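Undergrad: Below you will find the structure I want to go over with you.
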Amino acid sequence: MDSVFAVLGKDFVILAADSHVAHSILKLKDNEDKTLVIDGDKLLGLAGEPGERLQFGDYIQKNIHLLRYKYGKRLSTKETANYMRSEMAQLLRKSPFFCFTVLAGHDADGPALYWIDYMATMQKVKTAAQGYCSYFLGGILDSKWKPDMTYEEAVDLVTDCMNELGRRFIMTQHKFVVQKVDKDGIKDISTEVTESAKKKLAA
């Protein structure tokens, strides 16, 4: 029951992923990081079966590093997304991975956000939601996102999404790993966003 969503801002991307792992009626843990850092300027959020999510994420991360050493340059966010889509398409015909991904990055072309599902469907988007959260957040993300969002506006939108999941999802998700990707790299803003969400709920 994973929830991974992201918001594209003016010069950054904020990506949030819940930190819970459940199986059937059991909650197994609530400190799982469902994101992976790629090349220091790209962040991959993953949803799906835990084993397949971990294996596919590790496969992509290590092969992107291999390509960097092989060609002597970092792949752009667009190139990384297309590589992931290509690999997913090949695996779909051999040994499919039930894995949904969101790729956020910042390079010479600015911030970018890509949505890639287990059927190797890829789309460059302004907002993204993968996993069970996509049942709840589509309307909020569509109605509240706007071009050139400031950091404060994006944080406000992310907190609204977190609160919506807390209110309506049958499995209460109250812990999220929230990170920002911009020209300075990747920064964890989980505490800031969690406190903002608590204040909005209390108001």
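Undergrad: If R₀ is 30 angstrom, what is the calculated FRET efficiency for the pair residue 150 and residue 202, using the beta carbon separation as r and rounding to 0.05?
TA: 0.80
Undergrad: Going 7 Å from the Cα of residue 142 along its beta-carbon direction, which residues of region 83-121 have the amide nitrogen within less than 18 Å of the resulting point?
TA: Counting only backbone N, you get 115.
Undergrad: Hey, can you grab everything whose amide H is under 5 Å from the amide H of residue 175? Only 5+ residues off in sequence or another chain; H modelled, so Pro and N-termini drop out.
TA: 19
Undergrad: Here's something else I'd like to know. Placing unit charges on C-beta atoms (Lys and Arg positive, Asp and Glu negative, everything else neutral), compute the dipole magnitude of the chain about its Cα centre in debye, rounded to 20.
TA: 360 debye
Undergrad: Given a 10 angstrom Cα cut-off, can you work out which residue in 127, 80, 191 is the most mobile in a GNM of the chain?
TA: Judging by the Gaussian network model, the answer is 191.
Undergrad: Please list 66-76, 83-93 highest first by mean number of surrounding beta-carbon atoms within 10 Å per residue.
TA: On the way: 66-76: 12.6, 83-93: 15.5.
By packing density, highest mean first, the sequence is 83-93, 66-76.
Undergrad: Please list the radius of gyration and Dmax for region 3-198, considering alpha-carbon atoms only, with Å as the unit.
TA: Calculated on Cα positions, Rg and Dmax stand at 15.9, 48 Å.
Undergrad: Students often check this: by mean Cβ neighbours within 10 Å, which of 37-47, 1-11 ranks highest, and how do the rest follow?
TA: 1-11, 37-47
Undergrad: Also: Output wanted: per-residue J couplings in Hz (rounded whole) for region 17-24, from phi through Karplus 6.51 cos²θ - 1.76 cosθ + 1.60, θ = phi - 60°, x for Gly and Pro.
TA: So the J values, rounded to whole Hz, are 9, 5, 10, 9, 10, 10, 9, 6.
Undergrad: For labels at residue 73 and residue 183 in the simple 7 Å Cα→Cβ model, what's the distance in nm?
TA: Between residue 73 and residue 183, the label points sit 2.1 nm apart.
Undergrad: How many nm separate the modelled label positions at residue 126 and residue 168, each set 7 Å beyond the Cα in the direction of the Cβ?
TA: Taking the two extended label points, one gets 2.0 nm.
Values in this text are rule-based calculations from the coordinates and carry no lab data. Note that the structure is predicted; figures quoted are calculated from it, not measured. Here Cβ is always computed from backbone atoms with ideal geometry, including for glycine, and neighbour counts include all displayed protein chains.
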